[in-house]
Structure formats: structure tokens, C-alpha cells
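One structure is given below, encoded as C-alpha cells.
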Amino acid sequence: MATMASALASKPSFFDTHKTSFNGQPISPAVRRRRQATRSAKPNGSPISMSSASSPPGYDLNQFRFAPIKESIVSREMTRRYMTDMITYADTDVVVVGAGSAGLSCAYELSKNPSVRVAIIEQSVSPGGGAWLGGQLFSAMVVRKPAHLFLDELGLEYDEQDNYVVIKHAALFTSTIMSKLLARPNVKLFNAVAAEDLIVKGGRVAGVVTNWALVSMNHDTQSCMDPNVMEAKVVVSSCGHDGPFGATGVKRLKSIGMIDSVPGMKALDMNTAEDAIVRLTREIVPGMIVTGMEVAEIDGAPRMGPTFGAMMISGQKAAHIALQSLGLANNVGSIHPEMVLAAVDDAEILDA
């Protein structure tokens, strides 16, 4: 994957940040002047204190008053925009199920193409999966090289070591990629929404069955609460390793007979695991790509522990496989990759 990561880093971004913003609209001269003034005002690169007396907030904190508003206006604004999004993404290009580090990286890479509409389904209220912290609830995030090239693209600072880099706090990665991703007009995150099932037509995955996550967790406490649906040309399953909502994509494929087994991930081996996760990221059945730790569940690959580079690059690779499936420019080649169905032989994993 070093070759793919290097290629991605060496090519100009789909959006030239000096000419356009993420949504393809020109950055206004006023915004550009403010950014340049901010950079030039920093002495020797030191940060400017936002509470400095030389930069007042622009309003009187002692006599602050909000503009008046009717409560019904707030309700209408939220409802109208959300319902419009539901209508817009009821039939979309790509649905990414799971907004952990792999899912977010996949959606980020996919949405560089403004013609691709991306819906992200996340069962939790707070997207990010386990990428808000490092291992054992510690703060730092370790990323092995050359995945640091992806961090460079995001503009993240890190402490560089010989073979890896360390981000001060994992939340910096998650908050940064979300802020850039969700600003794009061709992306919608539906959090607190669960993917309860798959839509399958003619042997091809054609979308997901959705419901509010709280409803999904309480089907056994109420009478029938039917779901909704979201059709898609491609579904990317990024549901993580086994758990209450984990590996649900591949487990459902097994239960309906589209794959033979889901052996579960093996014991920890960082070096083998990260290479295997990226290499085995693929379209496992027509219309459905698996990325991130869900790959380990379907292939019996080792768990990687508290390193995150494979999640990012696996997500990137899944995005390019999806672009290939959509017939768009991609970095995995013009020929469809050979489909490797679960479960992969142990020897193939160990050779990763």
C-alpha cells in the first residue's frame, strides 16, 4: 500500500485548496485575505491567543442578547432539512455503514469527487467509533508509516519517529476529518441510525434497511416497528469488529447464504494485521465492499491493537474500489479486482 499512498500524496488534490473550497465553490477574496493576515500575524509561527485583548470577540459580553426567534421556526428548520436529506439520499451512489476511522476515511476519499453522493449511516449519536482515543483509553494516536501521508493531506500535526508518527490526541484526527468531510455538499451523515438489514436484488447488494438506533435496540420491547430503506449503487460496510453493532454487514451476508463463514479475528499481531487489513479490503459480494476491522472478522486476520494507519488506508482503498464500481477514475486500476470470497486461507493472510 506504500505505492498507493505515495501516489495519492503526489497527485494534486481533486480540489486545489488555493482555488476552491471542499464544495467546489471559489473561496472569497475576503476569506483569503483573513487567512493570509492570520498567518502573517503569528510571530515566529507561535499561535495567537484567541482571548487576547487585541482581538475582541466583536460583541459586548456584558450586555449580550440573542436575536429573537419563535420555537416553531427552530423545529421547522431542523425537520425540513432532515426530511430533505432523507428524500435526497433515499436513492444514492454510495452508502457507508459505520462512521469509525475506516468509514470516515472512505467517505472522505469518495467525496472528493463532487458528482458522487455519499450517505454515511452511524448507529451512535457520536460518530468516530474508537478513534476518539488511543489504546486503553489513552489519548495519543499511533500511525505507522507511510499512512502519515494521509495525515499530511488532512493538515494534522504529529510527532515523527523513524517508522511511525504520534498524534497528540486521537480526537484531533477524528474531529479534523469530520469537519472537512461533513462540509462537503455531496455528503450526509445520518447518525443515531442503524442499518438493520441489506437490500439484495438478483444476488447483488443494492442498499440498506435503516431504522433509528434506539428503535433497533428495542424491537423486543414494543410491537412491530417497521424500518425504512436506502438504495445505493454501492454499499461499503465498515461496521468494525464483532460487538452489539459490530461486523453486522458480513454476519448478515452469512445468514442469508451469500458467504460461507465469518470466522472472527485472530489474536493480536500488529505487523501482520495492518498489512492484511489493507490488502484484503475488497468487494466481497457484488455491490458490497468491506473495509476496516470488519475485514479481520470475515478473513480471520489478526487484530491490530491500538494502531490506526490500516483503518485510514483501508478506507481509502475501499473508496477507490467503489469509484471503480461506479465507472469513475480511481487508483486501484481499470480492471475489476479479483473477487476473494470469505474465508481466506490462513497462509494468504500470513503472507500479507
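The table for this structure:
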{"read-out": "Any hit, region 222-236, residues being surrounded by 14 or more Cβ atoms within 10 Å (Cβ to Cβ), without any contact (Cβ under 8 Å) to a residue 60 or more places away in the chain, of a type outside the set (Asp, Glu) and out of contact with any Asp or Glu (no Cβ under 6 Å at 6 or more places or on another chain)", "value": "no"}
{"read-out": "Condition met for residue 75 (more than 30 Å from residue 141 (Cβ to Cβ), open to solvent by 70 Å² or more (accessible area, probe 1.4 Å) and of a type in the set (S, T, N, Q))", "value": "no"}
{"read-out": "Answer residue from region 101-117, given it is touching a strand residue (DSSP E or B) at 6+ places or on another chain (Cβ under 9 Å) and assigned to a loop (DSSP other than H, G, I, E, B) and is surrounded by the most Cβ atoms within 10 Å (Cβ to Cβ) among those", "value": "111"}
{"read-out": "Whichever residue in region 176-196 is hydrophobic (A, V, I, L, M, F, W, C) and out of contact with any strand residue (DSSP E or B) (no Cβ under 7 Å at 6 or more places or on another chain) and, among such residues, is most open to solvent (accessible area, probe 1.4 Å)", "value": "183"}
{"read-out": "Residue within region 230-238 that is at pLDDT 95 or above, over 26 Å from residue 105 (Cβ atoms) and polar (S, T, N, Q) present", "value": "no"}
{"read-out": "Hey, residue 199 open to solvent by less than 30 Å² (accessible area, probe 1.4 Å), at pLDDT 95 or above and under 20 Å from residue 322 (Cβ atoms) or not", "value": "yes"}
{"read-out": "Wholly within region 286-352, helices (runs of 4 or more DSSP H) carrying at least 2 residues that are over 22 Å from residue 143 (Cβ atoms) and either open to solvent by less than 10 Å² (accessible area, probe 1.4 Å) or at pLDDT 95 or above (or both)", "value": "293-299, 309-325"}
{"read-out": "Looking only at region 118-175, and only at residues there that are open to solvent by 20 Å² or more (accessible area, probe 1.4 Å), polar (S, T, N, Q) and within 15 Å of the chain's Cα centre (by Cα), the one that is modelled with the highest pLDDT", "value": "175"}
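The values are calculated or read from the model by the stated rules, or taken from the named source; none is laboratory data. Just so it is clear, the structure is predicted and the values come from calculations on it, not from any experiment. Here the Cβ is made from the backbone with ideal geometry for all residues, glycine too, and neighbour counts use every protein chain on show. Accessible surface areas use protein heavy atoms only, side chains included; no ligands, DNA or RNA. Shrake-Rupley method; radii C 1.70, N 1.55, O 1.52, S 1.80 Å.
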